[in-house]
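The values are calculated or read from the model by the stated rules, or taken from the named source; none is laboratory data. Every value quoted in this text rests on a predicted model; they were computed, and no experiment measured them. Every residue, glycine as well, gets a Cβ built from its backbone with ideal geometry; the counts of neighbours run over all protein chains shown.
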Amino acid sequence: MPIYSHSRLGTFEQCRLKYKYTYIDHIRKEGQSVEAFLGQRFHDVMEKLYAERKFKLPTLDELQNHFNLAWDKNWNNEVFIVRKDRTTEDYRKLGLKAVEDYYKRYNPFEEGKMLGVEKQLVFHLDENGQYRVQGYIDRLMEKEDGHYEIHDYKTAGSLPEQSQLDQDRQLALYDIAIRQKWNDVKKVDLVWHYVIFDKEFRSSRTQEELVQLKKETVSLIDTVETTANFPPHQSSLCNWCDYQDICPLFSHRHKTEVLPVNEYLKEDGVALVNQYASLEAEKKELKEKIKEIDGQQEKIEEAAIAVAEKEGASQLYGSDKILKIKDEVKIIYPKSGDKNRNKFLEYLKTLGFWDEIVDVQWNSLKKVAIREKWDQKIPEGLKNLVTIETEKKISLSKKKDDDN
Ligand code: SF4
């Protein structure tokens, strides 16, 4: 079984296809989001700050220069910016401001004994050491004997809620790790620095919570190990995914968005989608039109019925069509779910034409009602169960020669 990490498990939870590309197919991608690049540069500065502070505390200027140097040295064409309204310099300034805020907030950095920066830990979740996990702690501190602090720098553009941090898996796994490594651990604080916002958040875990986390993580690893199906899962995080060019959800977009406009519009897939969308729009327009016409016809029907009544006529003649107005029997009977439904069905069975009704369903009921003249005298047993009404129905037919 491979050694797992929080980010490996997180990738599985985010999108199984991305997990497959990364950890099973080992497809390496050069691309890196500007947010991840900025995060790395901030970490560079923290490494320098905490490595040097025991000799001589670097000044803010020195740290910002270090940030700029690391930025220029590492910047490359593979770094991509998702937000089109932002520039490289916007992100560089954001990083410099984060360094300044951090420096001013914690200067003179007497936060305890520093035990490690970017400290690698490999630990296990079970007695047999079968389920192994590794991670890197951004900064491990000891506040006083046996009181540890696990610090993590985040350059995310949004803040988590405290409830999310209280459930956070990454630092809690590191908590398990240091309790395994050292016997003197009495207390562990988990500390997040959301440096873009100049905010610090803290949380801690009880022994019971850590036991539960071990169980859940072992169960998640079991799921990963037995998974054979790796479907894509679309989310807002796809914008930052390096595999868009091969992912079935985005490969066509990726392939076509670089084409010149004339080639783009002729590309088979693009042309078909555009044609389909245009027909769909046409359909929508027609449906709207039909709805409008239905409304107009309804008004005409009302007017035609009024004219016919006034004329004492049942047919109105146009140039080559006739509007026929008929009285139709309408039976309002208990529908399924109605408390009288069974009584109604039982009574129909006693009438002697049940087969006739059932065979042809409820249209036949209407025929029976007309034949038996229920509109004039409704059978006693149906009286409280159905209502018989007559309504005007209009139909349009062609005028034949003998209609003239
Ligand atoms: S683009 Fe989205 S759906 Fe496709 S592999 Fe990446 S994360 Fe998964």
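Taken as a whole, the condition of being outside any strand (DSSP E or B) and farther than 30 Å from S397 by Cα applies to L272.
When you scan region 206-226, do you find a residue that is away from the ligand (no atom under 12 Å from the Cβ), outside any helix (DSSP H, G or I) and modelled with pLDDT of 95 or more, even just one? Yes, because at least one residue in region 206-226 is away from the ligand (no atom under 12 Å from the Cβ), outside any helix (DSSP H, G or I) and modelled with pLDDT of 95 or more.
Pairs linking a residue in region 77-94 that is part of a strand (DSSP E or B) to a residue that is of a type outside the set (S, T, Y) and at pLDDT 95 or above, with Cβ atoms under 7 Å and 6 or more positions apart or on different chains, are V79/F37.
Taking region 55-114 as the range and being aromatic (F, W, Y) and under 20 Å from Q40 (Cβ atoms) as the test, the residues that pass are F67, W71, W75, F80, Y91, Y102, Y103. Here C247 passes the criteria (1) modelled with pLDDT of 95 or more; (2) over 28 Å from M1 (Cα atoms) except the one numbered (2). Here is a check on your reading of the model: is Y264 closer than 19 Å to G31 by Cβ and either assigned to a loop (DSSP other than H, G, I, E, B) or hydroxyl-bearing (S, T, Y) (or both)? No, not satisfied. Among the residues of region 80-95, some residue qualifies, meaning at least one is under 30 Å from V224 (Cβ atoms), at pLDDT below 95 and assigned by TED's automatic domain parsing to the domain that holds H193.
State yes or no: is E127 within 22 Å of E216 (Cβ to Cβ) and modelled with pLDDT under 95? In short, yes. Does G95 qualify as being in contact with a strand residue (DSSP E or B) (Cβ under 7 Å, 6 or more places away or on another chain) and among the small types (G, A, S)? Taking the combined requirement at face value, the residue does not satisfy it.
Restricting attention to region 8-50, the residues being at pLDDT below 95 and under 18 Å from Y131 (Cα atoms) number 0.
Give all pairs with beta carbons closer than 8 Å in which a residue from region 227-249 that is of a type in the set (A, V, I, L, M) meets a residue that is more than 6 Å from the ligand (Cβ to nearest atom); count only pairs at least 6 apart in sequence or on separate chains. Going by the 8 Å Cβ cut-off, the qualifying pairs are L237/Q14; I246/Y21; I246/I27.
Screening region 235-262 for residues that are within 8 Å of the ligand (Cβ to nearest atom) and exposed (fewer than 13 other Cβ atoms within 10 Å of the Cβ) and picking the one that is farthest from Q32 (Cα to Cα) gives P248. Screening region 219-273 for residues that are among the β-branched types (V, I, T) and outside the structural domain of H26 (by TED's automatic domain parsing) and picking the one that is nearest to the chain's Cα centre (by Cα) gives I246. Looking across region 49-66, the residues that are crowded, with 17+ Cβ neighbours inside 10 Å and more than 18 Å from F197 (Cα to Cα) come down to L49, Y50, P58, L63, H66.
Scanning region 101-131 for residues that are outside any strand (DSSP E or B) and without any contact (Cβ under 8 Å) to a residue 60 or more places away in the chain yields a total of 11. Checking each residue of region 297-305 against the condition of being within 16 Å of the ligand (Cβ to nearest atom) and charged (D, E, K, R) gives no match.
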